[in-house]
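Participant: I have a structure here, written as structure tokens, and I will follow up with some questions on it.
The values are calculated or read from the model by the stated rules, or taken from the named source; none is laboratory data. None of the values given here were measured: they were computed from a predicted structure. Neighbour counts run over all protein chains shown; Cβ positions are idealised from the backbone, glycine included.
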Amino acid sequence: MGAPRIGLVCSNDLARDGLKAVLEARNLRVARSAPSTRDLTSIGNDADDGKLDLILIATPPDRSHSDEWLVAKQLFAEARVVLTIDRYDIGAVSEAIRGGVEGILSDDISCDQMVISLHLVSLGERIVSSHVIAELLRHQPLGPSGADASMPIDLSGEEIEILQHLVAGATNKVIAERMSLSVTTVKICIKVLFRKLRVTNRTQAAIWAVVRGIRRLEIVNPANHS
């Protein structure tokens, strides 16, 4: 599989050129870059046949910019969408996730972490960076107990630990290694968790956990695992 064809959206020309240079220096292919998502459609590139695999929008998903990811989903239905954000509103983040956005990254994420995240999203993963989750938790105060009373009482210790790994962005392979389980068992446990929590993906499960005080396991560092 070749490098994903990336469409880069950033309203600031200098920041856009800098980000493009960073990505290309790390062997990511920026097929098009523009100040807005709509502008991506007017940039001709015969070699790409007008198609993009991934759109990176370096704009916060607040109300004044929410149309960017909406437009991306409308104009590039087959592309996966990643946002970088600089403000932490769980409502806006949740809206973006419900709208089909596949990745949400903090705007202060390191270059290497961004590259890893973009590769994971291009391979089909949904990613919310640990920085975003930490800030959501910081800006969304919880009660003194650190857990919402609505948390299901039938979550086992193993399921809570899996949730902690999901909050950290760990893959099934990493979870299996850390918990001494098979990857198949982890997949089954996660499916059961989704059913219990009434969510449909890892990102939703992680956000559910964060707002109820279930924190990430600091020992997990996906960047150190292939």
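Participant: Suppose the filter is modelled with pLDDT of 65 or more and either surrounded by 19 or more Cβ atoms within 10 Å (Cβ to Cβ) or hydrophobic (A, V, I, L, M, F, W, C) (or both); does L217 pass it? Before the answer, list the steps.
Facilitator: Numbers: modelled with pLDDT of 65 or more: no; either surrounded by 19 or more Cβ atoms within 10 Å (Cβ to Cβ) or hydrophobic (A, V, I, L, M, F, W, C) (or both): yes.
In short, no.
Participant: Restricting attention to region 43-91, which residues are at pLDDT 75 or above, under 18 Å from D107 (Cα atoms) and out of contact with any Lys or Arg (no Cβ under 6 Å at 6 or more places or on another chain)?
Facilitator: Start the filter on region 43-91 by keeping residues that are at pLDDT 75 or above, which leaves 51-58, 67-86.
So of that shortlist, the ones also under 18 Å from D107 (Cα atoms) come out as 54-58, 68-69, 81-86.
I55, L56, I57, A58, E68, W69, V81, V82, L83, T84, I85, D86, listed by residue number.
Participant: In this structure, is S110 of a type in the set (S, T, Y) and in contact with a strand residue (DSSP E or B) (Cβ under 9 Å, 6 or more places away or on another chain)?
Facilitator: Numbers: of a type in the set (S, T, Y): yes; in contact with a strand residue (DSSP E or B) (Cβ under 9 Å, 6 or more places away or on another chain): no.
Judged against the criteria, S110 is not a match.
Participant: Among the residues of region 111-129, what is the count of those that are at pLDDT below 85 and either outside the structural domain of V93 (by TED's automatic domain parsing) or among the hydroxyl-bearing types (S, T, Y) (or both)?
Facilitator: Adding up the residues that qualify gives 1.
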